[in-house]
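Trainee: One structure, pasted below without further comment.
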Amino acid sequence: MARIQVPAILGFYDDGHDLLEVTTKAREAEGFKNLDAYTPYPVHGMEEALGLKASPVGTIARIGLVSGAFLGFMLQSWTSAVDWPINIGGKPFVSWPAWIPITFESAVLLAAFCNLLSMFAFCGLYPRPKTMILSKRITNDRFVLVIPVSGEEEEKRAIAFLQSNGALKVKIVDGIDHEKQQVIFRAAPLEAAG
Amino acid sequence: MSLALEPDEGKYLSSKIKMEQVTDEVLAPMGRFPSLPWHIAFGMAQATALLLLGPVAYQMFNGLGIFGITNPVGWGVYIVTFVFWVGIGHAGTLISAILFLFRQNWRTSINRSAEAMTIFAVMTAGLFPLIHVGRTWVAYWLVPYPAERALWVNFRSPLLWDVFAVTTYFTVSLLFWYQGLIPDWATARDRAKNKFFRMLYSVLSFGWTGSTRDWNHYERAYRQFAFLATPLVLSVHSIVSFDFAVANLPGWHTTIFPPYFVAGAIFSGFAMVVTLLVIMRVLFKLEHYITMKHLELMNKVILATSLLVGYAYASEFYIAWYSGHEYEQYQFVSRALGFLLGTSGSIFYACTFWGMVICNVVIPHLFWSKKIRTSIPAMFIISIFVNIGMWLERFNIFILSLHNDFLPSSWGYYIPTIFDWMVVVGSFGFFFTLFLVFCRVFPTLAIAEVKATLPAPSHGSRLHGHHDDHHGHAAPAAHSHAAEAH
């Protein structure tokens, strides 16, 4: 959330399809840059509409998978064959077929941690007593397009674009109050035309 | 259920359900004082859970002798109930991971509560090995850690594989579940009316804002979890079955065990989901999210897995005969007919066998009838029979196989004592206590996911009039006004 670029124009919608269409238009036809969309659920195709790259979370999880398998296997081999070898029923010290289950489990375990923790890291998520939000309704039923602007001209163009594209409401974010963890809206918000 | 919110033709939910309605209805129980039925249920669950605590405390002082286990039956109803509860957990992961990969969108209404059930069931299951080891206070010896004894655990033992399988399963299920909860905690945070809850939910939501840049990572991680959890859930009960299949005991030493255990686990797990949801949807007024269509689909899964389980029973008998292995043959004949032939066993053991057959193979066939499949009382009763049947199945496999193995001189007989029964019954109290707390303090439906799967919105698009939605609607402008007024 701290990633939001200010000033920015927010356009409120109540439908994911609408937002998707407007977002595509804003980026491709109007040439607005660094857009973001805030939605109550993941809107299918929005990543493409915003031109986001595929998330690297999967790659990190796969690295965790391979490392987990390696570590799990080595733990078993080292303890059973190096640190304190014990002859159990005449089996070889490195009786690898018996180690497949734990190798698999440790692979999955490490992959799961890498998966979730890398997701937290990439999203900048951590437990915090106060969350800076754009609107209380984003997690409920509103879909918000955020257009960062520079200069008055672009600001006007963005407002006009949202108003002529069915936004329920248009708001302007002027800055961020880091102390209070709040965004600062421009005092006199613009009303949507439609 | 209110007629107005029946699911649309060919859909699982009604297109009349609005997003804010989902938020309100799912979060409502979290913000109000619990109802009387909940208090009664919670009180009963806690009272039942006490049955667990008493004997366990008694056992700590007096040793395992208070339970019926002895030679040759060293694994009594504890291991039976452990495997039972681990199996119950499997439905949750199946719903959250496997149905996700198969794009079964109806899962969104039930996945949160089913996953909660998984976690609580595995927690309940985990109690049993801990009690069963006797000296529970040194149960951490099961974990390989560099100790002053310098001795490591035996990695060649299936019992140790079990330690890893169950703890990994629990951890991964918990992480997966928590990821799904994050957007919903954010919803609760933004709706919280007082400062304390706003802060609490903000902490729990990890500062989730709903940005698509975050959803991008979130969705990738979610999909990855599904890929990880799918083989994991299949591995867990396979590894649990190795505890038996790897041992050289007639009735245990069979290659069919891993798939047979997994099918049984899903069978019993779905039955437990039906048992719980039938009550939960009424108690928390969620009938239009967990609709008859959802319940019917779950009943179909129960029917399908019942056929698998029945097939496995038949194949065990067939292989016993076909193998020409006389100990194996003796084991299976005496399981079913021992009380008649006077070979071994007793009426009690025979009841567990035939009870298992009736509950797991015969009764679920009632679900071929659509009328029964869609009747709430019928499915509730059948699901309970299935749960009893699955407990009996494990009793059959473990105890009947153990009590007469190779040499008649080493045969013995096992009857659970009152303490055994108290612990088994008490485990249900423990499980239901956790589940009832969950119903009160967690969002019981995956709010974000349900919203994503709502049929085409009931208002038209502001941009082009109507979407692919085939129902007639009020004018878009009027509708948006109504929505804004909220």
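The values are calculated or read from the model by the stated rules, or taken from the named source; none is laboratory data. Since we're looking at a predicted model, the values are computed, not measured. We place every Cβ from the backbone using ideal geometry, glycine too, and count neighbours over all the protein chains shown. When the accessible area is computed, the model is the full protein with side chains, heavy atoms only, and any ligands, DNA or RNA have been set aside. Shrake-Rupley method; radii C 1.70, N 1.55, O 1.52, S 1.80 Å.
Trainee: Return the only residue of A:V57, A:V43 being within 7 Å of chain B (Cβ to nearest Cβ) and touching a residue at least 60 places away in the same chain (Cβ under 8 Å). Talk me through it step by step, then tell me what you get.
Mentor: Working: A:V43 fails: within 7 Å of chain B (Cβ to nearest Cβ).
Unique residue meeting the criteria: A:V57.
Trainee: Turning to a different aspect of this structure: So A:K91 passes all but one of these: (1) in the same structural domain as A:A167 (by TED's automatic domain parsing); (2) part of a loop (DSSP other than H, G, I, E, B); (3) basic (K, R). Which condition number does it fail?
Mentor: (1)
Trainee: Evaluate segment A:52-59: report whether one residue or more is polar (S, T, N, Q) and open to solvent by 40 Å² or more (accessible area, probe 1.4 Å).
Mentor: If we filter segment A:52-59 for residues that are polar (S, T, N, Q), which is where we start, we get A:55, A:59.
Of the ones still in play, those that are also open to solvent by 40 Å² or more (accessible area, probe 1.4 Å) are A:59.
The answer is yes, given that some residue of segment A:52-59 is polar (S, T, N, Q) and open to solvent by 40 Å² or more (accessible area, probe 1.4 Å).
Trainee: Of all residues in segment B:198-217, count the ones that are of a type in the set (A, V, I, L, M, F, W, C) and either surrounded by 24 or more Cβ atoms within 10 Å (Cβ to Cβ) or modelled with pLDDT under 90 (or both).
Mentor: Keep residues of segment B:198-217 that are of a type in the set (A, V, I, L, M, F, W, C), which gives B:199-200, B:203-204, B:206, B:208, B:215.
Narrowing the set further to residues that are either surrounded by 24 or more Cβ atoms within 10 Å (Cβ to Cβ) or modelled with pLDDT under 90 (or both) leaves B:208, B:215.
Total meeting the criteria: 2.
Trainee: Looking only at segment B:12-43, which residues are without any contact (Cβ under 8 Å) to a residue 60 or more places away in the chain, over 17 Å from B:K193 (Cα atoms) and open to solvent by 70 Å² or more (accessible area, probe 1.4 Å)?
Mentor: B:L36, B:H39, B:I40, listed by residue number.
Trainee: Another question, then. What is the number of the single condition among (1) under 20 Å from A:S150 (Cβ atoms); (2) out of contact with any helix residue (DSSP H, G or I) (no Cβ under 6 Å at 6 or more places or on another chain) that A:Y38 does not meet?
Mentor: Only one criterion is unmet by A:Y38, namely (1).
Residue-wise test of (1) part of a helix (DSSP H, G or I); (2) within 15 Å of B:V362 (Cα to Cα); (3) touching a helix residue (DSSP H, G or I) at 6+ places or on another chain (Cβ under 6 Å); (4) of a type in the set (S, T, N, Q).
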site	(1), (2), (3), (4)
B:I279	yes, no, no, no
B:V282	yes, no, no, no
B:H294	yes, no, yes, no
B:A314	yes, yes, no, no
B:Y318	yes, no, no, no
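Trainee: Output the residue which, of all residues in segment B:312-331 that are of a type in the set (F, W, Y) and closer than 14 Å to B:Y260 by Cβ, is most open to solvent (accessible area, probe 1.4 Å). Can you show your working first?
Mentor: First, pick out the residues of segment B:312-331 that are of a type in the set (F, W, Y): B:313, B:317-318, B:321-322, B:327, B:330.
Add one more test, that the residue is closer than 14 Å to B:Y260 by Cβ, and what stays is B:313, B:317-318.
Details: B:Y313: 17, B:F317: 71, B:Y318: 113 Å².
Filtering first and then ranking leaves B:Y318.
Trainee: Just to verify a result, which residue in segment B:154-186, among those that are of a type in the set (S, T, N, Q) and part of a loop (DSSP other than H, G, I, E, B), is farthest from B:G92 (Cα to Cα)? Break it down stepwise before answering.
Mentor: We begin by selecting, within segment B:154-186, every residue of a type in the set (S, T, N, Q); these are B:154, B:157, B:167-168, B:171, B:173, B:179.
Pick out the ones that are also part of a loop (DSSP other than H, G, I, E, B) and you get B:154, B:157.
Numbers: B:N154: 31, B:S157: 28 Å.
Here the answer is B:N154.
Trainee: Now for a different question. Out of (1) under 19 Å from A:C123 (Cβ atoms); (2) in a helix (DSSP H, G or I); (3) in contact (Cβ under 8 Å) with a residue 40 or more places away in the chain; (4) at the interface with another protein chain (Cβ under 10 Å from one of its Cβ atoms), the odd one out for A:I4 is which?
Mentor: Unmet for A:I4, out of (1) under 19 Å from A:C123 (Cβ atoms); (2) in a helix (DSSP H, G or I); (3) in contact (Cβ under 8 Å) with a residue 40 or more places away in the chain; (4) at the interface with another protein chain (Cβ under 10 Å from one of its Cβ atoms): (2).
Trainee: Examine segment B:65-72 for a residue that is open to solvent by 60 Å² or more (accessible area, probe 1.4 Å), over 26 Å from the mean Cα position of the chain (by Cα) and of a type in the set (S, T, N, Q), and state whether such a residue exists.
Mentor: yes
Trainee: What do you reckon, is B:R149 part of a loop (DSSP other than H, G, I, E, B), closer than 26 Å to A:W96 by Cβ and free of Cβ contacts under 8 Å to residues at least 24 places away in the same chain?
Mentor: Working: part of a loop (DSSP other than H, G, I, E, B): yes; closer than 26 Å to A:W96 by Cβ: yes; free of Cβ contacts under 8 Å to residues at least 24 places away in the same chain: yes.
Against the criterion (part of a loop (DSSP other than H, G, I, E, B), closer than 26 Å to A:W96 by Cβ and free of Cβ contacts under 8 Å to residues at least 24 places away in the same chain), B:R149 qualifies.
Trainee: Under the condition of being more than 9 Å from chain B (Cβ to nearest Cβ) and in contact (Cβ under 8 Å) with a residue 60 or more places away in the chain, which residue from segment A:20-34 is nearest to A:M132 (Cα to Cα)? If you could, list the steps in order and put the result at the bottom.
Mentor: Taking segment A:20-34 and keeping what is more than 9 Å from chain B (Cβ to nearest Cβ), we get A:20, A:24-34.
Now narrow it down to the ones that are in contact (Cβ under 8 Å) with a residue 60 or more places away in the chain: A:25-26, A:30, A:32-34.
Working: A:K25: 28, A:A26: 25, A:E30: 29, A:F32: 24, A:K33: 22, A:N34: 19 Å.
Per the stated criteria, the residue is A:N34.
Trainee: For segment A:107-128, name all the residues that are open to solvent by less than 40 Å² (accessible area, probe 1.4 Å), in a helix (DSSP H, G or I) and either at the interface with another protein chain (Cβ under 7 Å from one of its Cβ atoms) or in contact (Cβ under 8 Å) with a residue 60 or more places away in the chain (or both).
Mentor: Within segment A:107-128, A:V108, A:A111, A:A112, A:N115, A:L116, A:S118, A:M119, A:F120, A:C123 qualify.
Trainee: Out of B:G412, B:G389, B:G429, B:G355, report the one residue that is open to solvent by less than 30 Å² (accessible area, probe 1.4 Å) and part of a loop (DSSP other than H, G, I, E, B). Full working, then the answer.
Mentor: Working: B:G389 fails: part of a loop (DSSP other than H, G, I, E, B); B:G429 fails: part of a loop (DSSP other than H, G, I, E, B); B:G355 fails: part of a loop (DSSP other than H, G, I, E, B).
Checking each option against the conditions leaves just B:G412.
Trainee: Taking segment B:144-166 only, how many residues are of a type in the set (F, W, Y) and open to solvent by 30 Å² or more (accessible area, probe 1.4 Å)? Please lay out each step first, then the result.
Mentor: Our first condition is that a residue be of a type in the set (F, W, Y); within segment B:144-166, this holds for B:145, B:152, B:155, B:161, B:164.
Adding the requirement that they be open to solvent by 30 Å² or more (accessible area, probe 1.4 Å) leaves B:145, B:152, B:164.
Qualifying residue count for the region: 3.
Trainee: Could you tell me whether A:I100 is β-branched (V, I, T), within 10 Å of chain B (Cβ to nearest Cβ) and surrounded by fewer than 17 Cβ atoms within 10 Å (Cβ to Cβ)?
Mentor: On the way: β-branched (V, I, T): yes; within 10 Å of chain B (Cβ to nearest Cβ): yes; surrounded by fewer than 17 Cβ atoms within 10 Å (Cβ to Cβ): yes.
For A:I100, the condition - β-branched (V, I, T), within 10 Å of chain B (Cβ to nearest Cβ) and surrounded by fewer than 17 Cβ atoms within 10 Å (Cβ to Cβ) - is met.
Trainee: Can you confirm whether A:A37 is open to solvent by less than 10 Å² (accessible area, probe 1.4 Å), within 8 Å of another protein chain (Cβ to nearest Cβ) and either assigned to a strand (DSSP E or B) or of a type outside the set (A, V, I, L, M) (or both)? Give the steps one after another, and end with the answer.
Mentor: Working: open to solvent by less than 10 Å² (accessible area, probe 1.4 Å): yes; within 8 Å of another protein chain (Cβ to nearest Cβ): yes; either assigned to a strand (DSSP E or B) or of a type outside the set (A, V, I, L, M) (or both): yes.
In short, yes.
Trainee: Within segment B:238-253, which residues are outside any helix (DSSP H, G or I) and open to solvent by less than 10 Å² (accessible area, probe 1.4 Å)? Full working, then the answer.
Mentor: Start the filter on segment B:238-253 by keeping residues that are outside any helix (DSSP H, G or I), which leaves B:246-253.
Hits for segment B:238-253 are B:P250, B:G251.
Trainee: If you take the residues of segment B:218-237 that are more than 8 Å from chain A (Cβ to nearest Cβ) and hydroxyl-bearing (S, T, Y), which of them is least open to solvent (accessible area, probe 1.4 Å)?
Mentor: B:Y222
Trainee: I'm told B:F170 meets every condition in (1) more than 7 Å from every other protein chain (Cβ to nearest Cβ); (2) in contact (Cβ under 8 Å) with a residue 60 or more places away in the chain; (3) more than 25 Å from A:I133 (Cβ to Cβ) except one. Can you identify the failing condition by its number?
Mentor: (2)
Trainee: Next up: Based on what the data block shows, is A:K91 without any contact (Cβ under 8 Å) to a residue 24 or more places away in the chain, open to solvent by 80 Å² or more (accessible area, probe 1.4 Å) and facing another protein chain (nearest Cβ under 7 Å)? Before the answer, list the steps.
Mentor: On the way: without any contact (Cβ under 8 Å) to a residue 24 or more places away in the chain: yes; open to solvent by 80 Å² or more (accessible area, probe 1.4 Å): yes; facing another protein chain (nearest Cβ under 7 Å): yes.
Judged against the criteria, A:K91 is a match.
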